[in-house]
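Quick note: the coordinates plus some simple rules give every number you see, no bench work behind them. What you see is a predicted model, and the numbers here were worked out from it, not measured in a lab. Using ideal geometry, Cβ is built from the backbone for each residue, glycine included, and neighbour counts are taken over all protein chains shown.
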Amino acid sequence: MAIQNMHQRKKIRNYLRGDLARGGAVGKAVVMGMLERHSKQVRAAVLPEVNKRHTDEQIRANVEPGTKLYTDEAVNYEALPDYMREFFNHTEE
């Protein structure tokens, strides 16, 4: 409960400073990151926008077919027939 209240106070403070007016994705870069779990190698790319075409291009360019992908629930990662997929829910504790 205390943590939740702390976040609420921070939101109010940011709103009063005008920071929330600049919130959301406006003016921010879209970055897609991938981690190879065994070598711990990270690959990242700046995407022009968030859409399935761009995420699919990055996956195909960087991940071998047949590899299991661990993603969030975003629909961009659905229907990749050359890959297996497991996803996690950001809202679950």
Next item on the list: Quick one: grab Rg to one decimal and Dmax as a whole number for the stretch 44-93, Cα atoms only, in Å.
Entry: 11.3, 33
Notebook entry, point to check: List the chymotrypsin sites (Phe, Trp or Tyr not before Pro) in the stretch 53-91 that DSSP assigns to loop (not H, G, I, E or B) and whose Cβ has at most 15 other Cβ atoms within 10 Å. Which are they?
Noted result: PHE88
